[in-house]
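S.K.: Following this message is one structure expressed as structure tokens.
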Amino acid sequence: MLFILSSPCQTLSSPRLYFPNNSFSAIKCDGAKVPVFPQKTRESYLIERGLEFSAGDAFFREESATGRDLGVLAASLHKKSNGRLRVLDALCGCGIRSLRYLAEAEADFVAANDGNESYGSTIVENLSRVSSEEEGRWVVTHLEANRVMTDYYLQKNLFDFIDVDSFGSDSSFLRSAICTLKFGGLLYVTSTDGYSSGGHRPHHSLAAYGAYVRPMPYANEIGLRMLIGGVAREASVLGYHITPLFSYYAFHGPVFRVLLRLNRGKIHDSRYYGYIGYCNQCGNSHEFSWDQLGQISCSCSVSEVSNSLVVSGPLWTGPLHDAAYLMDMLNLAKEWGWIGCDGKDSLEKLITVMMDESDPKLPFGYIKLDEMASRAKINSPRLRTLISAMHQKGYAASRSHIATNAIKTNCPMTECIKIAKELLQVSIA
């Protein structure tokens, strides 16, 4: 049995709390009942967005709550627009994501799978807080992720939402996940391989995602584009294409998470899948298509291109987010009372910056103010002031959710330095 508690004195971040029967005694607080846990219970359980759960012995990061928030919002939007929601959590750990898909996104069915059988009792305990096993809204399995996805595919038992929260750069799950996803369904995938995105293991990134990645100033954005590009390649092999709805980077880990919609039909050109170049001499970035291979150069110094230009790819070069979709997510978060509940508005700020990053005039990459200041030999102006000045000059510019002291802009580095010097009233040589 499940108790749902809503209390005016509740300090947690969700308006709803879920507690199993007989797990608490109650006291009165402003007319509402509030749970009072024994000391042992308080130490044994965690709470996220008002949901009580146990992490057991499974790996669990409290810092990853934002990624889980984004996934739950997306899953709920899918349920609202399609009237159904079947979720496969292929690497579920303790089951916190599966629990939240059931309780908050109101999934009709969740398949929670983790290869470690010792997590089984913890997962079952967590999911039982929402509904009993006999109700048939969830199932727990302990198979290798590719195996469980392939089994569902062979049974033609497909899903609307598949969450693959893998570790490192294990891309072996991508094709199985795509095969097991319905058309129009959502794939939420992960990489935690910061070494490859930083260009420190190019042969590893080539093996995992088909991209030879070299060091670039915006390595963490490259990590997102590397991951999207890997999924786009796998989808193309199967005759499909994907649309990124949002791309999220978090520094802990690091963690790269992208939500993609699977679409029927192959795109018969190389749109948004090519090569990215960064010129160390002038600081500008360039996109190169496949038919430009062998002709790659930078306009600042063609004769020295081999020494100044660093090229990575093939990578996803298109949009990282869908602004309209992010707006729907933000509105839903407000409806649920998730905005402003922590006093920091961190989720609202994140989604708002992502929407700003969605400006179609903004290219890939970003300019770090430290790099600009180093090239100009000046102190950098305030980020907000510089963005405003760029807008006045007719350039597109926004903050980056990936790097706090960086600007996404179509303004060339030389012009960026010029604007910064004007703001600081430094003579321009």
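The values are calculated or read from the model by the stated rules, or taken from the named source; none is laboratory data. Not measured: the values here are computed from a predicted model. All Cβ positions, glycine included, derive from the backbone under ideal geometry; neighbour counts span all protein chains shown. Ligands, DNA and RNA are excluded from the accessible area calculation, which covers all protein heavy atoms including side chains. Shrake-Rupley method; radii C 1.70, N 1.55, O 1.52, S 1.80 Å.
S.K.: With the requirement that a residue be of a type in the set (A, V, I, L, M, F, W, C), at pLDDT 95 or above, open to solvent by 10 Å² or more (accessible area, probe 1.4 Å) and within 25 Å of the chain's Cα centre (by Cα), what does the stretch 144-167 give you?
M.R.: At the first step, the residues of the stretch 144-167 found to be of a type in the set (A, V, I, L, M, F, W, C) are 145, 148-149, 154, 158-159, 161-162, 164, 167.
Now restrict to residues that are at pLDDT 95 or above: 145, 148-149, 154, 158-159, 161-162, 164.
Cutting the leftovers down to open to solvent by 10 Å² or more (accessible area, probe 1.4 Å) gives us 154, 158.
Passing the criteria: only Leu158.
S.K.: Would you mind finding the one in Lys334, Lys361, Lys418 that is within 23 Å of Pro319 (Cα to Cα) and not assigned by the TED database to the domain that holds His286?
M.R.: Details: Lys334 fails: within 23 Å of Pro319 (Cα to Cα); Lys418 fails: within 23 Å of Pro319 (Cα to Cα).
The conditions single out Lys361.
S.K.: In the stretch 252-271, is there at least one residue being closer than 30 Å to Ile178 by Cα, among the basic types (Lys, Arg) and at pLDDT 95 or above? It would help to see each step written out before you state the result.
M.R.: Just the residues of the stretch 252-271 that are closer than 30 Å to Ile178 by Cα, to begin with: 252-271.
Narrowing further to those that are among the basic types (Lys, Arg): 257, 261, 264, 266, 271.
Still in the list and also at pLDDT 95 or above: 257, 261.
Taking every residue of the stretch 252-271 in turn, at least one turns out to be closer than 30 Å to Ile178 by Cα, among the basic types (Lys, Arg) and at pLDDT 95 or above.
S.K.: Go through (1) touching a residue at least 40 places away in the same chain (Cβ under 8 Å); (2) assigned by the TED database to the domain that holds Leu227 one by one and return the number of the condition Asp328 breaks.
M.R.: For Asp328, the exception is condition (2).
S.K.: Quick test of your reading of the structure: Arg175 fulfils all but one of (1) over 24 Å from Ala65 (Cβ atoms); (2) basic (Lys, Arg); (3) free of Cβ contacts under 8 Å to residues at least 40 places away in the same chain; (4) in contact with a helix residue (DSSP H, G or I) (Cβ under 7 Å, 6 or more places away or on another chain). Name the failing condition by number.
M.R.: The failed condition is (3).
S.K.: Cβ-Cβ below 6 Å, separation at least six or inter-chain, first residue in the stretch 390-418 and on the phi < 0 side of the Ramachandran plot, second open to solvent by 10 Å² or more (accessible area, probe 1.4 Å) and basic (Lys, Arg): which pairs?
M.R.: Ala396/Lys361; Ala406/Lys368; Asn410/Lys361
S.K.: Note down all Cβ pairs under 7 Å where the first residue falls in the stretch 113-124 and is in contact (Cβ under 8 Å) with a residue 12 or more places away in the chain and among the charged types (D, E, K, R), the second is open to solvent by 50 Å² or more (accessible area, probe 1.4 Å) and not in a helix (DSSP H, G or I), and they're at least six residues apart or on different chains.
M.R.: Here the result reads Asp114/His142; Glu117/His142, each pair linking the stretch 113-124 to a residue that is open to solvent by 50 Å² or more (accessible area, probe 1.4 Å) and not in a helix (DSSP H, G or I).
S.K.: Something else: Limited to the stretch 72-111, what total is found for residues that are touching a residue at least 12 places away in the same chain (Cβ under 8 Å) and part of a loop (DSSP other than H, G, I, E, B)?
M.R.: 13
S.K.: In contact (Cβ under 8 Å) with a residue 60 or more places away in the chain and open to solvent by less than 20 Å² (accessible area, probe 1.4 Å), is that true of Thr243? Steps first, please.
M.R.: Numbers: in contact (Cβ under 8 Å) with a residue 60 or more places away in the chain: yes; open to solvent by less than 20 Å² (accessible area, probe 1.4 Å): no.
Here the answer is no, as Thr243 does not meet what is asked.
S.K.: While we're on this one: Does Ser205 satisfy the criteria of being part of a helix (DSSP H, G or I), more than 30 Å from Ser81 (Cβ to Cβ), assigned by the TED database to the domain that holds Asn280 and at pLDDT 95 or above? Can you show your working first?
M.R.: Working: part of a helix (DSSP H, G or I): yes; more than 30 Å from Ser81 (Cβ to Cβ): yes; assigned by the TED database to the domain that holds Asn280: yes; at pLDDT 95 or above: yes.
Considered against the rule, which asks whether it is part of a helix (DSSP H, G or I), more than 30 Å from Ser81 (Cβ to Cβ), assigned by the TED database to the domain that holds Asn280 and at pLDDT 95 or above, Ser205 comes out as yes.
S.K.: Do we have any residue at all in the stretch 112-129 that's surrounded by fewer than 23 Cβ atoms within 10 Å (Cβ to Cβ), within 25 Å of Glu335 (Cβ to Cβ) and in the same structural domain as Thr192 (by the TED database)?
M.R.: Yes, there is a match, as at least one residue in the stretch 112-129 is surrounded by fewer than 23 Cβ atoms within 10 Å (Cβ to Cβ), within 25 Å of Glu335 (Cβ to Cβ) and in the same structural domain as Thr192 (by the TED database).
S.K.: Of the conditions (1) free of Cβ contacts under 8 Å to residues at least 60 places away in the same chain; (2) of a type in the set (A, V, I, L, M, F, W, C); (3) surrounded by 14 or more Cβ atoms within 10 Å (Cβ to Cβ), Leu206 fails just one. Which one is it?
M.R.: (3)
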